[in-house]
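Peer 1: After the structure tokens below, expect a handful of questions from me.
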Ligand SMILES: Nc1ncnc2c1ncn2[C@@H]1O[C@H](COP(=O)(O)OP(=O)(O)OP(=O)(O)O)[C@@H](O)[C@H]1O
Ligand SMILES: [Mg+2]
């Protein structure tokens, strides 16, 4: 274990008995203490399976996991105590109140009561006003936030969030992101899955992409966005073109919107040169434009590209 590694996953395989395909195939991953790691992938890719194995809910077919240097099978109680899980599935209807639920969760892990800490969590998740309500009276988004409070109740060092913002409204999603970032500031390591790519873009330090049970890519978010992020400049033409003029065929360019737009693409390393030569070529060919806008590709576009090629 390196000094900064908190979680080590080695050669994990999972084959559910009733399924022809493995849900996970040879997944190895090292998570650094204090990072936010976003696990992305389409429905059925294996994200929840991976999280459920690490959190002890699902048994792997083979492979091993260490949390803080302890083996997750031999030292199950120790490793489980270091972990908090916000599961993808919502709680079943329950009669307990919000307050009793979080207090019980903390006790379950053998931690001494710490009501001021729990109170702070409920405030952070805008649930304090609901503390005396039975869980079954909460809305879907409130239940999701209660799951987060429950997962944090025993002060875990590693927090797994399996689609934390599914069904949470935009404003509360923001405050949840703030909470997650603050937790990281306090040294908590966070592994989240999400289908909202802007969430990963906003929060993650590193991104892993999983497809058909295989971890197809792990990379720093910033370098991923830089490496794959293409810049596009969209020109709105003064008069539409019926075909792409031959002079423009050396560039990565498309004609769109019934010939009214030219979409020029380039990768970041060659942006300035490419676009200036393109502008000169437009001028020489007497192709005039009324307007232009430029944009960088988002993580979403990068993600779709990667899945196509994996
Ligand atoms: N209990 C189970 N029994 C059999 N197959 C399962 C079980 N749980 C998951 N699977 C299968 O394992 C594969 C991975 O499922 P998993 O739930 O890990 O995907 P996911 O990436 O979390 O998807 P989603 O984005 O929809 O949550 C899927 O093919 C799924 O059908
Ligand atoms: Mg899932």
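The values are calculated or read from the model by the stated rules, or taken from the named source; none is laboratory data. No experiment lies behind these values; they were computed from the predicted model shown. So basically every Cβ, Gly included, is an ideal-geometry build from the backbone, and we count neighbours across all protein chains shown.
Peer 1: State the number of residues belonging to segment 280-310 that are more than 26 Å from the chain's Cα centre (by Cα) and free of Cβ contacts under 8 Å to residues at least 12 places away in the same chain.
Peer 2: Number of matching residues: 3.
Peer 1: I need a count of the residues in segment 1-37 that are within 19 Å of residue 60 (Cα to Cα), within 16 Å of ligand 1 (Cβ to nearest atom) and within 17 Å of the chain's Cα centre (by Cα).
Peer 2: Here the count works out to 1.
Peer 1: Also: Looking only at segment 129-167, how many residues end up being within 16 Å of ligand 2 (Cβ to nearest atom) and either in a strand (DSSP E or B) or within 16 Å of the chain's Cα centre (by Cα) (or both)?
Peer 2: Here the count works out to 8.
Peer 1: Additional query: Taking segment 28-50, which residues are part of a strand (DSSP E or B) and within 11 Å of ligand 2 (Cβ to nearest atom)?
Peer 2: 39 - this is the single residue of segment 28-50 that is part of a strand (DSSP E or B) and within 11 Å of ligand 2 (Cβ to nearest atom).
Peer 1: Taking residue 87 as the residue in question, decide whether it is in the same structural domain as residue 210 (by TED's automatic domain parsing) and within 16 Å of ligand 1 (Cβ to nearest atom).
Peer 2: no
Peer 1: Could you tell me how many of the residues in segment 77-96 are touching a strand residue (DSSP E or B) at 6+ places or on another chain (Cβ under 9 Å) and over 21 Å from residue 167 (Cα atoms)?
Peer 2: Total meeting the criteria: 7.
Peer 1: Out of all the residues in segment 201-216, which are crowded, with 17+ Cβ neighbours inside 10 Å and modelled with pLDDT of 90 or more?
Peer 2: Once the filter is applied, which keeps residues that are crowded, with 17+ Cβ neighbours inside 10 Å and modelled with pLDDT of 90 or more, segment 201-216 yields 203, 204, 206, 207, 208, 209, 210, 211, 212, 213, 214, 215.
Peer 1: Right, something else. Taking the condition in contact (Cβ under 8 Å) with a residue 24 or more places away in the chain, within 15 Å of residue 157 (Cβ to Cβ) and touching a helix residue (DSSP H, G or I) at 6+ places or on another chain (Cβ under 9 Å), does residue 6 pass?
Peer 2: No; evaluated as a whole, the condition is false for this residue.
Peer 1: Ok, one more. Give segment 177-235 a look and list any residue that's over 18 Å from residue 31 (Cβ atoms), assigned to a loop (DSSP other than H, G, I, E, B) and more than 16 Å from ligand 2 (Cβ to nearest atom), or say none.
Peer 2: 229, 230
Peer 1: Is it true that some residue in segment 63-77 is buried (at least 19 other Cβ atoms within 10 Å of the Cβ) and within 13 Å of ligand 1 (Cβ to nearest atom)?
Peer 2: The answer is no, given that none of the residues of segment 63-77 is buried (at least 19 other Cβ atoms within 10 Å of the Cβ) and within 13 Å of ligand 1 (Cβ to nearest atom).
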